[in-house]
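The values are calculated or read from the model by the stated rules, or taken from the named source; none is laboratory data. Given the structure is predicted, the values throughout are model-derived calculations rather than measurements. Positions of Cβ are backbone-derived with ideal geometry, glycine not excepted, and every protein chain shown enters the neighbour counts.
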Amino acid sequence: MVKSLFGWFLLLLLVTIPALAQRYVVADQDAAGPGGSDMTSLLVLLQSPDVKVLGITVVTGDGWRDPEVAHALRLLEIIGRTDVRVYPGAQGPLLRTQEWTALADQMYGPATYTGAWGTVASNDPMPEGRPTTKAADEDAAHFMIRMVHQYPHQVTIYAAGPLTNVALAVSLDPQFAELAQELVVMGGSMNPQTEAAEWSSDPRHEFNFWFDPEAASIVLKARWPKISVTTIDASLKTRIDPEVLDGLAGSKAVAAQYTVKYTRRPVTINYLWDELAAAAWLDPAIITRERFLYMDVNTDHGAGYGDTLTYTGEARPKITLQKVHAQMDVDLPRLQQLLIHLLSSETPNTVKQPAR
């Protein structure tokens, strides 16, 4: 946690001085909820006063798309940001199917985590209450395309779920990637130092790439001005320590109360997967080491289907690949301090909510 008053001063300086220009972002998320990394990462963006969240686009990943849409809508109602619209996207991967994956499990061994495919559809009431607001009629891919044309070279695409929606936008509009300011991805894995079963025997495995390998490959090959990738290597070095929740528990801010109420226990299982990607976009100094290399995803339908592929220099294949900033190490205290500050602050730009 905080090691000195000087550290607090630097953090406050960082997050309270107004930015010279507002930053635009489309948040593409598999918005499983309530609480958890998906929702908290949306709060990180929504709570930042110099960020304009143009919209939230939703993709099946950790959960099914339609329940995720409902959780995102309800989050926006709770914090008073119903001016931000939610845009439903893809209901499943481009090619991978649940049936093929079940057969692959028999041939190569079962996947440790399968996201929505490991859940059962339920009509149980949402713990946070069902939303009264509705999703937008426009689909996610066309909304993204419209935003980068409306704000050319100003919009960051923050993609923290499977990359299906972004791949569809790339495929629909050849200018889409080039018109964005940058792409921020939570995905990919290289050589994480862990004994966790999901990566100890398959260090190149990562769920977002694995769930839709073809989409991830399409997106990583597109001509973005910049690609930043928050890898498993960096994510596993984060955690939402009890001190973070203690720092939020006394806050009357709605975002803090929501986070404390819906954070899973024990907190030791909560890595800051998507929060790290969002926070590092806000404050690049959170990342202390990165690798600049070529990245792709294995689309061969075998044991390595969906694994992260990386290359350096002339060793890369003679196909079009883009270099990415692969985040490897993190300043955990700085990340946790930023989360405490943002989530314990009053939500900016709130709108009056209808009576429930």
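A few points about this structure:
- Within the set 160, 140, 169, the sole residue that is free of Cβ contacts under 8 Å to residues at least 60 places away in the same chain, crowded, with 21+ Cβ neighbours inside 10 Å, within 23 Å of residue 32 (Cβ to Cβ) and small (Gly, Ala, Ser) turns out to be 169.
- Segment 312-339: number of residues that are farther than 22 Å from residue 182 by Cα, surrounded by fewer than 21 Cβ atoms within 10 Å (Cβ to Cβ) and among the aliphatic types (A, V, I, L, M): 2
- Unmet requirement for residue 264, which otherwise passes all of (1) closer than 30 Å to residue 105 by Cβ; (2) modelled with pLDDT of 95 or more; (3) part of a loop (DSSP other than H, G, I, E, B); (4) not polar (S, T, N, Q): (2)
- Boolean, residue 178 is over 19 Å from residue 65 (Cβ atoms), of a type in the set (D, E, K, R) and at pLDDT 95 or above: yes
- Exclusive hit being under 26 Å from residue 276 (Cβ atoms), of a type in the set (A, V, I, L, M) and assigned to a strand (DSSP E or B), set 219, 184, 170, 166: 184
- Test: residue in segment 72-84 that is without any contact (Cβ under 8 Å) to a residue 24 or more places away in the chain, among the polar types (S, T, N, Q) and surrounded by fewer than 24 Cβ atoms within 10 Å (Cβ to Cβ): no
- Index of the failed condition, residue 90 passing every other in (1) closer than 26 Å to residue 341 by Cα; (2) part of a loop (DSSP other than H, G, I, E, B): (1)
- Selection status of residue 309, surrounded by 16 or more Cβ atoms within 10 Å (Cβ to Cβ), over 24 Å from residue 177 (Cβ atoms) and either at pLDDT 95 or above or in contact with a Gly (Cβ under 7 Å, 6 or more places away or on another chain) (or both): no
- Filter result for residue 317 (of a type outside the set (A, V, I, L, M, F, W, C), assigned to a helix (DSSP H, G or I), over 15 Å from residue 47 (Cα atoms) and out of contact with any helix residue (DSSP H, G or I) (no Cβ under 6 Å at 6 or more places or on another chain)): no
- Filtered by the rule that a residue be at pLDDT 95 or above, in a loop (DSSP other than H, G, I, E, B) and surrounded by fewer than 19 Cβ atoms within 10 Å (Cβ to Cβ), segment 189-216 gives 191, 203.
- Going through (1) closer than 13 Å to residue 343 by Cβ; (2) small (Gly, Ala, Ser); (3) crowded, with 18+ Cβ neighbours inside 10 Å one by one, residue 277 falls short only on (1).
- Subset tally (residues that are within 22 Å of residue 39 (Cα to Cα) and in contact with a helix residue (DSSP H, G or I) (Cβ under 6 Å, 6 or more places away or on another chain)) for segment 143-156: 2
- Within segment 46-87, being of a type in the set (D, E, K, R) and not in a loop (DSSP other than H, G, I, E, B) holds for 52, 65, 66, 68, 74, 77.
- Identity of the residue in segment 269-306, of a type in the set (Val, Ile, Thr) and at pLDDT 95 or above, that ends up nearest to residue 94 (Cα to Cα): 299
- Residue within segment 238-254 that is among the acidic types (Asp, Glu) and outside any helix (DSSP H, G or I) present: yes
- Residue in segment 233-250 that is among the small types (Gly, Ala, Ser), surrounded by fewer than 24 Cβ atoms within 10 Å (Cβ to Cβ) and farther than 27 Å from residue 338 by Cβ present: no
- Verdict on residue 167 being touching a strand residue (DSSP E or B) at 6+ places or on another chain (Cβ under 9 Å), modelled with pLDDT of 95 or more and either within 19 Å of residue 28 (Cβ to Cβ) or not polar (S, T, N, Q) (or both): no
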